[in-house]
Ligand SMILES: *Cc1c(COP(=O)(O)O)cnc(C)c1O
């Protein structure tokens, strides 16, 4: 399989290049030249595969000849051995909706599902090339912890994580800053997540800097993360007792997780609709309604991992709804940069509406959902997952011909204040999380300033 950039279809890349570069040199995102379509029969024949085996089949499609089969299998098995449950992902039915628990990895959010695999892929490739690499990533709270856990103590690698100071929960922060390994660098930026993301993008776009430090990225724009996330859409479909078309609600920020669902659909998985569930940062709801993509300033919320106004992966869907017109994508992204917004055409908008519904959920609605589900069913959803649940209930009239899923993207113990506020009770906390509160924290605070950040990274990079 070959890849190209959403902004230039002429140059082709291998999976290895796409994985290690993360972001294309022209600022675009990598996507496969074409996506293979599996027949319903091929899909159903995989129903007895374990999560790991299914991962292998899906990664094989997208990684081409980058890894030998045994290497790939070993990367996958090793990655999921860190999960607290052997099946990696499991579901529970709450009020007719299958809530898919994606948070059984080492840092209790769905991001572990992809990040553990990325960590072992880096290790495999760098062991062969003996090259050193410095990974830089921005986090709204969960990516950072997942990346640090996946990369700590790995040879040939340093990991720099930028998080917005005071804008992640204490548990989220401690999961990152309590890691003592010498290849881990936490940086609290005096700004928002979008500021952090912008700083990382600027460093990527600075070819000299990027080459100087052998920079790569594990943000949700990395194609390998999308691939890992495609797997659970197939897995939950195949674990049904009767195969029904799916409607899936996805708590959304950077548009990576829901985009993975879209790719699964393109591969032939019977997904009827994907619901983009967001908090009061309603950029995507507006865009699906009117075609106007217009980021404003981020409003903090009790679902901080989705406090985002620039949905990085959205460019990939824009490429598809523009019928693969790379020049049109380039133009829209130019508009975004210069005019701080872009407008989709009527055809593009109706293409977008074919696949997606969107719902922005208020703080009040989020808390009420947590409280109601706790009262009626004795389950505690984290605020992000509660947003997904609410959006599904609101947008869809239930019908026996479909099955309904809500992705549960984080364990509630990562957001104790929000949970306590909603149900006047603390969520249960696993022991290994309790332990991080006794550990010393390691991080620096830097201004929202590109030059000081670059200086710091150059100083620490090796
Ligand atoms: C990252 C994250 C999201 C948003 O996922 P995207 O792929 O960025 O859309 C939702 N919920 C939680 C808990 C997260 O950590």
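The values are calculated or read from the model by the stated rules, or taken from the named source; none is laboratory data. This structure is a prediction, so every number in the text was calculated from the model and none was measured. So basically every Cβ, Gly included, is an ideal-geometry build from the backbone, and we count neighbours across all protein chains shown.
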Practice prompt. Among the numbered conditions (1) closer than 25 Å to residue 256 by Cα; (2) within 15 Å of the ligand (Cβ to nearest atom); (3) not in a helix (DSSP H, G or I), tell me where residue 403 comes up short.
Written response: (2)
Item to complete: Within region 311-321, identify whether any single residue is within 12 Å of the ligand (Cβ to nearest atom), crowded, with 19+ Cβ neighbours inside 10 Å, within 30 Å of residue 172 (Cβ to Cβ) and modelled with pLDDT under 95, and answer yes or no.
Response: yes
Discussion item. Looking at region 290-308 only, could you name the residues that are away from the ligand (no atom under 11 Å from the Cβ) and either within 26 Å of residue 192 (Cα to Cα) or touching a helix residue (DSSP H, G or I) at 6+ places or on another chain (Cβ under 7 Å) (or both)?
Written reply: 291, 292, 293, 294, 295, 296, 297, 298, 299, 300, 301, 302
Item to complete: Mind listing whichever residues of region 406-431 are without any contact (Cβ under 8 Å) to a residue 12 or more places away in the chain and in a helix (DSSP H, G or I)?
Response: 420, 431
Worksheet item: Taking helices (runs of 4 or more DSSP H) that fall entirely within region 204-308, which contain at least 2 residues that are within 19 Å of the chain's Cα centre (by Cα) and without any contact (Cβ under 8 Å) to a residue 60 or more places away in the chain?
Response: 256-266
Worksheet, complete the sentence: Flagged in region 242-268 as more than 16 Å from the ligand (Cβ to nearest atom), closer than 21 Å to residue 96 by Cβ and touching a helix residue (DSSP H, G or I) at 6+ places or on another chain (Cβ under 7 Å), in numbering order, are 243, 246
Practice prompt. Could you please tell me which pairs satisfy a Cβ distance under 8 Å, a separation of 6+ or placement on different chains, a first residue in region 11-32 that is on the phi > 0 side of the Ramachandran plot, and a second residue that is surrounded by 18 or more Cβ atoms within 10 Å (Cβ to Cβ) and part of a loop (DSSP other than H, G, I, E, B)?
Written response: 22/217; 22/218; 22/219; 22/221; 22/222; 27/7
Discussion item. As an exercise: evaluate residue 337 against (1) out of contact with any strand residue (DSSP E or B) (no Cβ under 8 Å at 6 or more places or on another chain); (2) at pLDDT 95 or above; (3) assigned to a helix (DSSP H, G or I) and give the number of the one condition it does not meet.
Written reply: (2)
Fill in: Conditions (1) within 16 Å of the ligand (Cβ to nearest atom); (2) more than 30 Å from residue 317 (Cα to Cα); number of the one not met by residue 408
(2)
Practice prompt. Could you list, in sequence order, all residues of region 367-400 that are outside any helix (DSSP H, G or I), in contact with a strand residue (DSSP E or B) (Cβ under 8 Å, 6 or more places away or on another chain) and under 17 Å from residue 428 (Cβ atoms)?
Written response: 379, 381, 382
Discussion item. Please go through region 309-324 and give me each residue that is out of contact with any strand residue (DSSP E or B) (no Cβ under 9 Å at 6 or more places or on another chain) and in a loop (DSSP other than H, G, I, E, B), ordered by number.
Written reply: 309, 310, 312, 313, 322, 323
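The rows are residues; the columns are (1) under 19 Å from residue 260 (Cβ atoms); (2) surrounded by 14 or more Cβ atoms within 10 Å (Cβ to Cβ).
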position: 13; (1), (2): no, yes
position: 20; (1), (2): no, yes
position: 28; (1), (2): yes, yes
position: 34; (1), (2): yes, no
position: 40; (1), (2): no, no
position: 49; (1), (2): yes, yes
position: 78; (1), (2): no, yes
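Condition check: more than 20 Å from the chain's Cα centre (by Cα) and within 16 Å of the ligand (Cβ to nearest atom). Does residue 165 satisfy that? It would help to see each step written out before you state the result.
Details: more than 20 Å from the chain's Cα centre (by Cα): yes; within 16 Å of the ligand (Cβ to nearest atom): no.
Judged against the criteria, residue 165 is not a match.
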Item to complete: Would you confirm whether any residue within region 450-461 is assigned to a loop (DSSP other than H, G, I, E, B) and at pLDDT below 95?
Response: yes
Item to complete: Looking for whichever is more than 16 Å from the ligand (Cβ to nearest atom), out of contact with any strand residue (DSSP E or B) (no Cβ under 9 Å at 6 or more places or on another chain), without any contact (Cβ under 8 Å) to a residue 24 or more places away in the chain and more than 30 Å from residue 396 (Cα to Cα) here; the options are 69, 77, 127. Which one fits?
Response: 69
